[in-house]
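First up is the structure itself, then whatever we jot down about it.
Nothing in this text is a laboratory measurement; each read-out follows from the coordinates by a stated rule. Fair warning: this is a prediction, and the values are worked out from it, not measured in the lab. Glycine also receives a Cβ, built like all others from the backbone with ideal geometry; neighbour counts cover every protein chain displayed.
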Amino acid sequence: MRLSFPASGGWITGSGPTLKTVNPATGTITAEIGTPTASEVAAACEAALQAARQPAWRRLKPHQRAAMLHRIADELTREGETLAHLQMVENGKSLKECRAQAASAAATFRYYAAVCETLEAAMPPSRGEYVNFTLHQPYGVVAAITPWNSPLTMEAQKVAPALAAGNAVILKPSELTTLPGLELARVCERAGLPPGLMSVLPGHGRDVGATLLNHPAIGMISFTGGTATGRMIAETAARRLIPTALELGGKSPHIIFDDADLDAACAGVLDGIFEGMGQSCVAGSRLFVQRGAHDAVVARLCEAVRKLRIGTPDAVDTDLGPLASMAHRERVEGYVALARNDGGRIAAGGKRPDHLDCERGAYYLPTIITGLSNEARVCREEIFGPVLCVIPFDNEADLVRQANDTVYGLACGIWSPDFKRAWRVAEAIEAGTVWINTYKQLSIAAPFGGFKESGLGREKGLTGLRLYQQTKSIYIATA
């Protein structure tokens, strides 16, 4: 049976090809979903534009829009277990991680409900005989394109502020993880969101996504995913002269100085690269260790990695599930083979586990590689998997040079009790987020984004709502 999706103000089956999603733990088909044709994408865009222009939504008072977001958050909380299972069976994350992300999605809607109700406009100082007001108004229809690694959190981080800002949203989820987005649309509908304000268009980016972004009704694009795709989206946005927010790839440096608490630092490194099987934009995939502590750190990490439990994502004792797809595992395996050919030493992992059915499930062991310089391809290209490259450094200047020698600039972690040194390095690192003596602590209240080829714009925080609005100045004469 082909599942339907919300578009054109109602739920339709879609006349395009059937999209099949696969459980990466078992290799079985999870769902068969209808996809829209070009004309059905266009109809969804027109319906969204009409819904966004309705006075009942566009002129809704902020506290009333906030009440809607609170109702959506309540529904998300009630459906948390369903949402967690839908994500788990499509991308293989452990159930406990999926449950945490479902709770995070509800919290995101609550946060933007509060922001919506309390964020103020401005009244700039007058330079003449007038009063000047600065208003912030919605773009109309936002195209939100999300990745497969964490759809629950990524979709909430786009849909919640875009709705809070007064827009209609058309969500284009990854073709690998469509079910969480469909369930989010059902939640919004049950909460009372008017028809047309939240649509979901399943399918591949090369057809559904491209058609969506080129439709004249789309007034703003928000994308999270790979840098190559982000560049193509930016080109489309530039040609159409519409704003875009891009949260892209990373090859984040994780740094351990020789005076660090090595037990705490190694625990942070493990979570930073292996949580979610390394399928995270902020994964600390390049570990720089001061030379005097290098061997001790590698030994600690290898011992800890061997204790991680690799298993089916719904098992209570599973630390790491499968990768998101067979194709992605092949990509990861290709990079590990490349590292071997370049002279890298596989200190841990580097193969499929023996105790699991790896012909049906996309399982792979967390891998640690030493013996390579920062110039190696596996140290420069985003693998997006459970592969950690350990690189020694001699001093602070050498560290900063190597850490910044990348096209990316998303995140960084620093471990040292010397606060002055940690602060100096944090200021010198070219990255949008830096953690000191911790890693991967994220808050919906803090702006998030990247430097260089890791993206444009900032999601989350107060600026995360303004991202989905355009600014207008109004002058009133007083003379």
Quiz item: Among the aspartates and glutamates, which fall within straight-line cross-link reach of residue 96, defined as a Cα-Cα distance under 13 Å, with same-chain neighbours fewer than 8 residues apart omitted?
Solution: 81, 275, 314, 317, 319
Quiz item: What order do you get for 27-38, 244-255, 449-460 when each peptide is scored by the mean count of other beta carbon atoms within 10 Å, highest first?
Solution: 244-255, 449-460, 27-38
Quiz item: Past the 23 Å Cα-Cα mark, which pairs from 420/452; 93/158; 20/251; 307/351?
Solution: 420/452; 20/251
Quiz item: Rounded if a/c is under 1.5, else prolate if a/b beats b/c, else oblate: with a ≥ b ≥ c from the C-alpha gyration tensor eigenvalues square-rooted, which is the range 253-443?
Solution: prolate
Exercise. Provide the FRET efficiency to the nearest 0.05 for the residue 306-residue 240 pair, computing r from the beta carbons and using R0 = 60 Å.
Key: 0.70
Self-check item: Chain lengthening between residue 397 and residue 207 when straightened (0.36 nm per residue, less Cα-Cα)
Solution: 63.7 nm
Quiz prompt | Potential lengthening between residue 471 and residue 377 on full extension [0.36 nm per residue; Cα-Cα distance subtracted] | solution = 29.5 nm
Quiz item: Can you give the helix-only mean residue ellipticity at 222 nm for the chain, where every DSSP H stretch with n ≥ 4 adds -39500 (n - 2.57) and the sum goes over all residues, rounded to the nearest 500 deg cm²/dmol?
Solution: -12000 deg cm²/dmol
Exercise. State to the nearest 20 debye the size of the charge dipole of the chain about its Cα centre, where the only charges are +1 on K and R beta carbons and -1 on D and E beta carbons.
Key: 1100 debye
Quiz prompt | Rounded, prolate or oblate (a/c below 1.5 giving rounded, otherwise prolate when a/b exceeds b/c) for the chain by Cα gyration tensor | solution = oblate
Quiz item: What FRET efficiency comes out for the pair residue 63/residue 351, r = Cβ-Cβ distance, R0 = 60 Å, nearest 0.05?
Solution: 0.60
Exercise. For residue 428 paired with residue 38, estimate the spin-label separation in nm (one decimal), with each label point 7 Å from Cα along the Cα-to-Cβ line.
Key: 5.4 nm
Practice problem: Specify which residue in the list 230, 114, 471 is farthest towards the positive end of the charge dipole of the chain, using unit charges on the beta carbon of Lys, Arg (+1) and Asp, Glu (-1), about the Cα centre. | Solution: 471
Quiz item: According to the square roots a ≥ b ≥ c of the eigenvalues of the Cα gyration tensor, what is the shape class of the range 403-479, taking rounded for a/c under 1.5, prolate for a/b larger than b/c otherwise, and oblate for the remainder?
Solution: prolate
